[in-house]
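Since the structure comes first, as structure tokens, the remarks are kept for the end.
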Amino acid sequence: MEQAGKTGKKHGDRRRLRIQPPPAFSGLRTELFGNRRAVVEGCAGILEYESETVWIRAGKMILCFKGRGLCIKCMDQDSLVVEGFILSLEYMT
């Protein structure tokens, strides 16, 4: 019997484990640059926008940025950049 290696596949077996992200996260990508900037790709619109909170729809998810002096620096069809002093980021389904 062959043992599984660290990569999660058996030695000599060419099949690889592929895990699909849950549907709620499908197409969503969030990059944080410290606590001053966030790039969100895969968003579907802004639900609420104030200097202390930014609510964003992203598929079946809602993202909520909380902080101080938050602003949307740039935005296109499915991505945006939030800048300011980011205190928290919540993902809600």
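Considering the stretch 56-74 alone, what residues qualify as being closer than 17 Å to residue 27 by Cα and among the aliphatic types (A, V, I, L, M)? Of everything in the stretch 56-74, those that are closer than 17 Å to residue 27 by Cα and among the aliphatic types (A, V, I, L, M) turn out to be 56, 58, 61, 62, 63. Taken over the stretch 39-93, residues that are surrounded by 15 or more Cβ atoms within 10 Å (Cβ to Cβ), assigned to a loop (DSSP other than H, G, I, E, B) and modelled with pLDDT of 95 or more amount to 0. Applying a threshold of 8 Å to beta carbon distances and a minimum spacing of six or more residues, or different chains, the list of pairs starting in the stretch 77-90 at a residue that is touching a residue at least 24 places away in the same chain (Cβ under 8 Å) and over 13 Å from residue 55 (Cβ atoms) and ending at one that is outside any strand (DSSP E or B) and of a type in the set (Ser, Thr, Tyr) reads 84/51.
Would you mind stating whether residue 42 is among the small types (Gly, Ala, Ser), touching a Lys or Arg at 6+ places or on another chain (Cβ under 8 Å) and under 21 Å from residue 93 (Cα atoms)? Here the answer is yes, as residue 42 does meet what is asked. Suppose we filter 34, 12 for residues that are farther than 14 Å from residue 90 by Cα, at pLDDT 90 or above and open to solvent by 50 Å² or more (accessible area, probe 1.4 Å); which single one remains? Unique residue meeting the criteria: 34.
The values are calculated or read from the model by the stated rules, or taken from the named source; none is laboratory data. As the structure is a prediction and not an experimental result, all values here were calculated from the model. Positions of Cβ are generated from backbone atoms using ideal geometry, with glycine treated the same way; all protein chains shown enter the neighbour counts. These accessible areas exclude ligands, DNA and RNA; they are computed on the full protein's heavy atoms, side chains included. Shrake-Rupley method; radii C 1.70, N 1.55, O 1.52, S 1.80 Å.
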